[in-house]
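Colleague: Here's a structure for you.
The values are calculated or read from the model by the stated rules, or taken from the named source; none is laboratory data. All of these numbers come straight from a predicted model, not from anything done at the bench. Counting neighbours? That spans all protein chains shown, and the Cβs are built from the backbone with ideal geometry, glycine included. The protein model used for the area step is the full one, side chains on, heavy atoms only, and it has no ligands, DNA or RNA in it. Shrake-Rupley method; radii C 1.70, N 1.55, O 1.52, S 1.80 Å.
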Amino acid sequence: MGAVYRARDPVLDRAVAIKLLTAQGPGFVSRIQREARALAKVSHPNVVQIHDSGIDPNGAPYFVMEHLHGRSLDALLEERGRLPHQQVRELVRQAAQGLSAAHAAGLIHRDIKPANLFLENNGNLKILDFGIARSVEQNAAESGDVRVLGTPYYMAPELLNAEPVDLRADVYALGLTAFHLLTGRPPFISDTPFGVASMQLTEPLPDPRTLAAGLPEDLCWLIERMAEKDRSTRLQSCDEVARLLALPPPELSALSQSTSHAALPARSPWILAIAALLLGALALAGALLVR
């Protein structure tokens, strides 16, 4: 969907990153401009800062963003295989905080994955690449679009089914990203994007403890709650995820044991019953665009 360049702001004499996007059909430029304005209103230490946006002479939209020092979690996984559960707990907490701020501004990211989470050298995490983000209102207006944008390894079933998508799709993607960080691999692997998408729709989440020894039960429980295929039984917000991860591990462990296969205490809004998943196989016949 585009390329990212390192550049220098000659007015303020600072390094910046410029993301130049490739137009994706009618209305793309105006939508990107609206979302750039919305993202510019998100001021949070865990979300990449937008300095400016515009249209280049060829008609392609671009963002000017803060220049970060560090590397993506995808690059970190390539080097280390998987990450310690203590580090994953903190990284996911920061990501949930940043997503909660974006959600509060009315934005759904729709493409959370290790490559879009950036660990700065100072230990702070930044959420990157809101290139296919949509506002809550516009996402509802454009539901049913057969083009399924995103990365199937982390996409929520409702997004794969081209159903109306809400903030809970980001909760699901963050849960599957946490699974990858803990185990060194996505939970669902196939030879084709269609195969991965089919597994997302039909197969239960593997137990991460079967892929990596020594993982704490409370963190595995939280990932399972984030990755429920039925969004009505999923954790309902990234704010809830962040608050749970802010609990001391013994307290979260006690909570996970007392609420296994049951609802969280009343302060959590997600529902007890697990509804049957309606598969949308026909929707998968649409153009699945993998970034």
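Colleague: Here are some residues: Gln97, Gln86. Which one is of a type in the set (S, T, N, Q), open to solvent by 70 Å² or more (accessible area, probe 1.4 Å) and under 30 Å from Pro216 (Cβ atoms)?
Modeller: Gln86
Colleague: Suppose we filter region 207-226 for residues that are among the small types (Gly, Ala, Ser), touching a residue at least 24 places away in the same chain (Cβ under 8 Å) and either open to solvent by 10 Å² or more (accessible area, probe 1.4 Å) or assigned to a helix (DSSP H, G or I) (or both); how many remain?
Modeller: From region 207-226, those among the small types (Gly, Ala, Ser) are 212-214; that's our starting set.
Pick out the ones that are also touching a residue at least 24 places away in the same chain (Cβ under 8 Å) and you get 212, 214.
The next check asks that each one be either open to solvent by 10 Å² or more (accessible area, probe 1.4 Å) or assigned to a helix (DSSP H, G or I) (or both); those that pass are 214.
Count: 1.
Colleague: If we keep just the residues of region 170-206 that are aliphatic (A, V, I, L, M) and part of a loop (DSSP other than H, G, I, E, B), which is least open to solvent (accessible area, probe 1.4 Å)?
Modeller: The selected residue is Leu205.
Colleague: Could you list all residues from region 21-50 that are in a loop (DSSP other than H, G, I, E, B) and under 22 Å from Leu68 (Cβ atoms)?
Modeller: Of everything in region 21-50, those that are in a loop (DSSP other than H, G, I, E, B) and under 22 Å from Leu68 (Cβ atoms) turn out to be Lys41, Val42, Ser43, His44, Pro45, Asn46, Val48, Gln49.
Colleague: Can you name every residue in region 237-276 that is of a type in the set (Lys, Arg) and modelled with pLDDT under 90?
Modeller: Arg267
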